[in-house]
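I'd like to ask some things about the structure below.
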Amino acid sequence: MIELVAAIAAKFPPGLLLLLGALLIPLLKGRARAAYMLALPVVGLVMTWLIPAGTLITVEMFDYSLILTRVDKLSRIFGIIFHIAALLSVIYSLHIKDTVQQVAALMYAGSGVAAVFVGDLVSLFVFWEATAITSVFLIWARRTERAYATGMRYLLIQVGSGVLLLAGTIIHYRATGSLAFGTEAQPVGLFAFDDIADASPGIVLIFLSFGIKAAFPLLHNWLQDAYPEATITGTVWLSAFTTKLAIYALARGFAGTDLLIPIGAAMTAFPIFYAVIENDLRRVLAYSLNNQLGFMVVGIGIGTELALNGTAGHAFAHIIYKGLLFMSMGAVLLRAGTIKGSELGGLWRRMPYTTVFCVIGAAAISAFPLFSGFVTKSMILTAAAEGHHTIVFAVLLFASAGLFHHSKIPYFAFFAHDSGKKVEEAPTNMLIAMGAAAFLCVAIGIYPAPLYELLPFDMEKLGWTPYDMTHVVTMSQLLFSSALAFVFLQKTGLYPAELRSTNVDSEWIYRRGGKRLVLVLGHFVGGWYRIGRAAAGRALMQVVDRVGRLHSPATSLLGEPWAISEATLLVAAMLIAFLLLAFF
């Protein structure tokens, strides 16, 4: 039976089961639809687990060789976690009846799965854009004016990333004649460069495309703009696929690129300050998502086997615990009708299970020992130390300690002051999804061996273990020191209060500053256009008047009948002039 499933999987590109299967959802109703939606990621997960390694499906199209399925350990671990995320998200979303969300979400997941298994840049572009087009419906499905505007900004940025990828692919192909996205000889780091000034234009464009989707500094605000504006369930789906697809693409294409190290370090540090002062708790999670991506980007930049294992493992763990945190905040938003920290508090009495699950997610993202974040993030920290990246290592330690301040999420939502809101516990399907995610956060932290088996490189050969005394003591000291600082600031009133506010980030450049620049340029260009149009109109009228007078029988010979010989001579002269212009 296993051999039969593996043989079928080898003939059917991963991801297409979700992508095409989602189209049948509108034909089903009630429990049949729910069972079908649950079955799609389960079957897809089994096929992804059993599919053999190697290049399996190649298609010849327009004289190009497109690789739709190429399997190695890096693509497999991302394919597995994408299916797990899809299953948990389906369970979490079972209470909704919105067909648009259901179809778009599974097509979005399928596009992400398909993208991590392709072996050429053209196929990557197709599914790269498919994730953008399908995911925007999870924002628009909220059906508010703000959501429509946010969705348009999100779509423009995501499609723009795809356009850069396509342009880079074309330029790279013209320069090298290759569309390969990783090869058997060099599965990772195929496009890595030592200095961006020496990189080819095509590679630079591809790098920027991946950077936009990975939310590099100054390119990151689409994430904080879009994710909190999606539907309650849509945000959970969005947190799993888009940015992690970019992490996969960076690992596949640019592992070992030193430029990624400072970029990733900056990503880990700056979101902490915004998260501390942010009032919207889903936006706090969006900032912490950016922070966690930074650790992965640093690991890709270091490019050693331990660092890349840390990146892949941390992406796996992050998808689960970040999804859990978004699930818990979605449950709060569903029951309380708000997600503002200033309007919440005291919900633990009414929502005890959600509270426990949220605390587990916060412990995992903070990398407490015995939780999933600890057994994956430690690999990246160790790789930074072993690579003698002293300053970067210090920044990562600071970011790890600062992450504890994301405990503000369960603190302000469930504890702190009592908001007086009389709410119910989350729906059963939401609790099941949160419970499963919480179980995985603890299970991976206590027994990480099954996860380590999935990593791209052999952990036994690397001789590394997370529960080394140095790792445990260092991280425990950081976390307890951070906890002490949090308690001290809270008790003394020095911690920033949860207030109604709007934080200004680099998005001001294109949302406000860019808009004003366009308006100013519009007035400037419009003024010159009106002046030019008036001048052109006067000149045209003068030409018309002059031609009319030249052809008038009363004022010029041009208006009199010409002899055939004179007309023929004029036509010949015009023909000669045309030929001279055409050839010379």
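The values are calculated or read from the model by the stated rules, or taken from the named source; none is laboratory data. Worth saying up front: this structure is predicted, and the values here are computed from it rather than measured. Here the Cβ is made from the backbone with ideal geometry for all residues, glycine too, and neighbour counts use every protein chain on show. Side chains are part of the model used for accessible areas, which takes the heavy atoms of the whole protein and leaves out ligands, DNA and RNA. Shrake-Rupley method; radii C 1.70, N 1.55, O 1.52, S 1.80 Å.
Each row is one residue, and each column tells you yes or no for (1) in contact with a Gly (Cβ under 6 Å, 6 or more places away or on another chain); (2) under 22 Å from G313 (Cα atoms); (3) open to solvent by 10 Å² or more (accessible area, probe 1.4 Å).
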{"residue": "P14", "(1), (2), (3)": "yes, yes, yes"}
{"residue": "L24", "(1), (2), (3)": "no, no, yes"}
{"residue": "L27", "(1), (2), (3)": "no, no, yes"}
{"residue": "I77", "(1), (2), (3)": "no, yes, no"}
{"residue": "I80", "(1), (2), (3)": "no, yes, no"}
{"residue": "V113", "(1), (2), (3)": "yes, yes, no"}
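If you scan segment 262-287, which residues turn out to be of a type in the set (A, V, I, L, M) and either outside any helix (DSSP H, G or I) or crowded, with 24+ Cβ neighbours inside 10 Å (or both)?
A265, M267, A275, L281, V284, L285, A286
Of the conditions (1) in contact (Cβ under 8 Å) with a residue 60 or more places away in the chain; (2) crowded, with 20+ Cβ neighbours inside 10 Å, G189 clears all except one; give me its number.
(2)
Do the conditions hold for A175, that is, is it open to solvent by 70 Å² or more (accessible area, probe 1.4 Å) and either touching a Pro at 6+ places or on another chain (Cβ under 9 Å) or not hydrophobic (A, V, I, L, M, F, W, C) (or both)?
yes
I'd like to verify a number: residues in segment 435-457 that are open to solvent by 20 Å² or more (accessible area, probe 1.4 Å), assigned to a helix (DSSP H, G or I) and within 23 Å of Y467 (Cβ to Cβ), how many?
10
List pairs: first residue in segment 163-186 and touching a residue at least 12 places away in the same chain (Cβ under 8 Å), second residue assigned to a helix (DSSP H, G or I) and open to solvent by 80 Å² or more (accessible area, probe 1.4 Å) anywhere in the structure, Cβ distance under 8 angstrom, at least six positions apart or on different chains.
Between residues of segment 163-186 that are touching a residue at least 12 places away in the same chain (Cβ under 8 Å) and residues that are assigned to a helix (DSSP H, G or I) and open to solvent by 80 Å² or more (accessible area, probe 1.4 Å), the close pairs are G168/P201; I171/P201.
Determine if segment 66-81 includes at least one residue that is in contact (Cβ under 8 Å) with a residue 12 or more places away in the chain, outside any helix (DSSP H, G or I), on the phi > 0 side of the Ramachandran plot and out of contact with any Pro (no Cβ under 8 Å at 6 or more places or on another chain).
no
Got at least one residue in segment 135-153 being in contact (Cβ under 8 Å) with a residue 60 or more places away in the chain, among the charged types (D, E, K, R), surrounded by 18 or more Cβ atoms within 10 Å (Cβ to Cβ) and touching a Phe, Trp or Tyr at 6+ places or on another chain (Cβ under 8 Å)?
yes
Name the pairs: first residue in segment 424-440 and acidic (D, E), second residue open to solvent by less than 40 Å² (accessible area, probe 1.4 Å), Cβ to Cβ under 9 Å, at least 6 apart or on different chains?
Cβ pairs passing all conditions: E424/M351; E425/A331; E425/M351; E425/T354; E425/L431.
Would you be able to tell me the number of residues in segment 238-260 that are open to solvent by 10 Å² or more (accessible area, probe 1.4 Å) and either acidic (D, E) or in a helix (DSSP H, G or I) (or both)?
1
Of the numbered conditions (1) open to solvent by 10 Å² or more (accessible area, probe 1.4 Å); (2) of a type in the set (V, I, T); (3) under 23 Å from G79 (Cβ atoms), I300 fails exactly one; give the number of that condition.
Of everything listed in (1) open to solvent by 10 Å² or more (accessible area, probe 1.4 Å); (2) of a type in the set (V, I, T); (3) under 23 Å from G79 (Cβ atoms), I300 misses just condition (1).
Ok, one more. Out of the residues in segment 96-111 that are of a type in the set (S, T, N, Q) and over 19 Å from L68 (Cβ atoms), state the one that is most open to solvent (accessible area, probe 1.4 Å).
Ranking the candidates gives T99 first.
Also, quick follow-up: Hey, among L281, L245, which residue is under 14 Å from the mean Cα position of the chain (by Cα) and closer than 20 Å to L324 by Cα?
Step by step, each of L281, L245 is checked, and only L245 is under 14 Å from the mean Cα position of the chain (by Cα) and closer than 20 Å to L324 by Cα.
In addition: Return the pair list, or none, for Cβ contacts closer than 6 Å from residues in segment 475-488 that are open to solvent by 30 Å² or more (accessible area, probe 1.4 Å) to residues that are modelled with pLDDT of 70 or more and among the hydrophobic types (A, V, I, L, M, F, W, C), at least 6 apart or on different chains.
From residues that are open to solvent by 30 Å² or more (accessible area, probe 1.4 Å), the pairs are L478/A401.
Answer with yes or no whether E386 is modelled with pLDDT under 90 and acidic (D, E).
No: the conditions fail for E386.
Would you confirm, using the coordinates I've provided, whether A199 is more than 16 Å from the chain's Cα centre (by Cα), without any contact (Cβ under 8 Å) to a residue 24 or more places away in the chain and open to solvent by less than 30 Å² (accessible area, probe 1.4 Å)?
In short, yes.
Something else: What are the pairs with Cβ atoms under 6 angstrom where one residue, in segment 445-465, is of a type outside the set (V, I, T) and the other, located anywhere, is part of a loop (DSSP other than H, G, I, E, B)? Sequence gap at least six, or different chains.
Close Cβ pairs satisfying both conditions: G445/L370; G445/F371.
On to the next question. Could you please let me know if L155 is at pLDDT below 95 and hydrophobic (A, V, I, L, M, F, W, C)?
yes
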